[in-house]
Amino acid sequence: MEFFRIEGGRRLSGRVRIEGAKNAALPLMAASLLTDQPVTLRNIRPLADIANMGRLLEELGVDIKPVPGGLTMQSVDENRVHARYDIVRTMRASICVLGPMLARRRQARVSMPGGCAFGHRPVDLHLRGLEALGAKIELKGGDILASADRLKGDTVFLGGPFGSTVLGTANVMSAAVLASGRSTIECAACEPEIVELANMLNSMGARISGAGSPRLVIDGVEELSGINHVVMPDRIVAGTYAVAAAITNGDVILDDFPYDALLATVNHCREIGVHIQRVSGDDPTRCTVRVTSERNLKPTTITTQPHPGFPTDLQAQLMALVCMAEGNSVITEKIYPERFMHVAELMRMGAQLYRQGPTVVVAGGGKLIGAPVMASDLRASASLVLAGLAAEGETIVHRVYHLDRGYHQMEETLNALGGRVERIKEEKPAAAETDGLRGEGVSTMSAQFVQDDR
Ligand code: EPU
C-alpha cells in the first residue's frame, strides 16, 4: 500500500489542465454494450475505476483497444451477460451495465452492489425503472437477474428519499433508447454527466430530449451506431484543484474548467473569499479560470443537493477549506447523510468539528496541524490531502489507493504547482490498519475490497 507524505504550508501557483470526468466516462463506457459498432472515448485517464470498468466489459464480450488519450470498445460477443461479484464489489458503478445489457441482449445478470464507506446505497430505483419498461427482475444468489423481450416505453418515476439517482437515470435512459415507443423519465437526475450521456447516445442515433431537466423523453430506436466522443472535463477534480489553490492562498490557472457545471461551488467559494475568475474561453463547459483567495477566509453555510445544487462529491474538500476560515461554518449533507468519514481524521489535524446527524459545524480558526491520517473513500482522501497542503508541518495520508480511483497522479499535479507531496510505498501496514484501532475491523488486504464508494 502507498501513502502520501505532505509538507504543508507551501503556496501553490502555476497551471493545470482538468482531466476527463471519470463519473461521465463510466456510463459512457457501459453504453458500448448498446451497439456492435466501435465506441471510442477520448480524454480518459488510466484511473483504477476506468480499468475496472474495462475489465468488466471485457468479461461481457467487449473488445477493448487503447487509442491515444482513450480507448475503443466494440461489443463482439453478446452471449456473455454475467457481471460477477468479484468485479462489481470493487466498483459500485458496475451497476451501469445493467440497463444497456438488458436493452440489447434482452437479459442481464449483475451482482447486487453492497453498502459502501458512506452508508447503505440501494439500487431500488434502478430496478423499479427497468421494471416499468417491462423487465422481469428477480434476485438470486446475490445477483440481479433481469430479462425482457424488447423493452417497452412507459412513464418512469425516479425520485427517492434523497432526490433522483444519477446512475439510475443513466441505466434507465440507456435502456429506454432501444425500447419500443416513447419513455418518459420523471424526476430524472439533472447532473452534467447525464447530459453528456444523452448527448453521446443522441450522436449514436438515439432520440432523447430534455437532458439536464427533470423530465427526459426518449423515443426508442431499433439500433445505435458507433461513435467517437471526447469526454467532458471532471467537475469534481476541477473543484478539488480550485480548493487546493485557495487553501494554500495560491494563484492557479485551471484550463478546461467546467464553469457551468460548478456554479454552486463557484458561488460558495466567492462567499468564502475565493475568486474563480474566467480569464479566457467562450465555452462555459470548458474554459480557463484563475483561482486566487483572500488572506482571511470567511465562513459559510453549505447544503449538498442534487445538481445544480452544491455537489456531495465536493463536501469533504470544502470542509477542509472552511477549517481555515475565521468563524463558524455549517455543512449539511443531504445526499448521503453518513458521508463524514473525513471528520474524525480532520479533527486529528486540529480541526474543530461538531457533528450532529447530517450536519457538521466547523469552528474555523485558520489553523491545521500535520498528522498521520487515514483515507477511507475517494473524496474524503482528497479532503485530507488538501488539509495536508494547508497544515503546519508534515501530514501522512494512508491508503491513497482511494484517491487513485478518481484523480490521476494527484501528487505530480500538486508538485508541479509547487507543493511537496511524496508517494511512498508502505513497507508494512500501518499499525492502525491491522489492529482495528479505527474500529474498521478489516485487514489491510480486505480493505482493498471494501465496496467502492462510487
Ligand atoms: N438512492 C436510492 N435508491 C437508488 C439509488 C440511489 O435511494 O436506487 C439514493 C442514494 O442512496 C443516495 C441518493 O439516492 O442517497 C443519490 O444516489 P445516486 O444514485 O444519485 O448515486 P450514484 O448514481 O450511485 C453518483 C456518483 C457519486 C455521487 C452521486 C451523487 C458515479 C459513478 N457516482 O453515484 O460519485 O456522489 O452520484 O451525485 O457517477 C464520487 O465520485 O466520489 C461519487 C461517490
Q. Which part of the range 178-207 falls in the paramagnetic zone of residue 155, meaning amide N under 16 Å from the point 7 Å along Cα-to-beta-carbon?
A. 182-188
Q) Once fully extended, how much extra length lies between residue 203 and residue 416, figured as 0.36 nm per residue of separation less the alpha-carbon to alpha-carbon distance? A) 73.0 nm
**Q.** Residue-averaged 222 nm ellipticity for the chain, from DSSP H runs of 4+ at -39500 (n - 2.57), nearest 500
**A.** -8000 deg cm²/dmol
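Whole-Å semi-axes of the range 22-230's equivalent ellipsoid, largest first, each the root of 5 times a Cα gyration tensor eigenvalue?
Over the Cα atoms of the range 22-230, the semi-axes work out to 22, 20, 17 Å.
When ranked by the protection proxy of mean other Cβ atoms within 10 Å per residue, highest first, what sequence do the peptides 369-381, 145-157, 195-207 form? Can you show the working numbers first?
Working: 369-381: 24.0, 145-157: 17.8, 195-207: 20.5.
Per-residue mean Cβ counts within 10 Å order the peptides as 369-381, 195-207, 145-157.
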(Q) Over all directions, how big on average is the projection of the convex hull of the alpha-carbon atoms in the range 3-56, in square nanometres? (A) 5.8
(Q) Need one number: nm distance between label points at residue 326 and residue 228, each 7 Å from Cα along Cα→Cβ, rounded to one decimal. (A) 5.6
**Q.** Most to least packed among 230-242, 75-87 [average Cβ atoms within 10 Å]
**A.** 230-242, 75-87
(Q) If I stretch the segment between residue 13 and residue 344 completely, what's the gain in nm (0.36 nm per residue apart, minus their alpha carbon distance), one decimal? (A) 116.2 nm
Q) Which FRET efficiency value, to the nearest 0.05, do you get for residue 263 and residue 120 by plugging their Cβ-Cβ distance into 1/(1 + (r/R0)^6) with R0 = 25 Å? A) 0.25
**Q.** Neighbour-count order for 355, 15, fewest beta carbons within 10 angstrom listed first
**A.** 15, 355
Q: Give, in nm to one decimal, the length gained when the segment between residue 186 and residue 131 is fully stretched (0.36 nm per residue of separation minus the Cα-Cα distance).
A: 18.3 nm
Q: Can you figure out the FRET efficiency of residue 78 with residue 162, using R₀ = 35 Å and their beta-carbon distance, to the nearest 0.05?
A: 0.50
Q.
Only counting other Cβ atoms within 10 Å, I'd like 126, 307, 408 sorted with the fewest neighbours first.
A. 408, 307, 126
Q | Qualifying lysines (Cα of each under 17 Å from Cα of residue 22; at least 8 residues distant if same chain) | A | none
(Q) Residues of the range 266-306 with backbone nitrogen within less than 15 Å of a virtual label 7 Å along the Cα-to-Cβ line of residue 359, please, listed as ranges. (A) 300-304
**Q.** FRET efficiency estimate (nearest 0.05) - Cβ-Cβ, residue 63 to residue 280, R0 41 angstrom
**A.** 0.55
Q. When DSSP assigns beta bridges and you keep just the ones with both residues in the chain, what percent turn out antiparallel, to the nearest 5?
A. 70
Q. Computed over the Cα atoms of the chain, what is the convex hull's projected area averaged over all directions, in nm²?
A. 19.4
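Computed from the coordinates by the stated procedures, all read-outs in this text should not be read as laboratory data. All of these numbers come straight from a predicted model, not from anything done at the bench. As a convention, Cβ positions derive from the backbone with ideal geometry for all residues, glycine included, and neighbour counts pool all protein chains shown.
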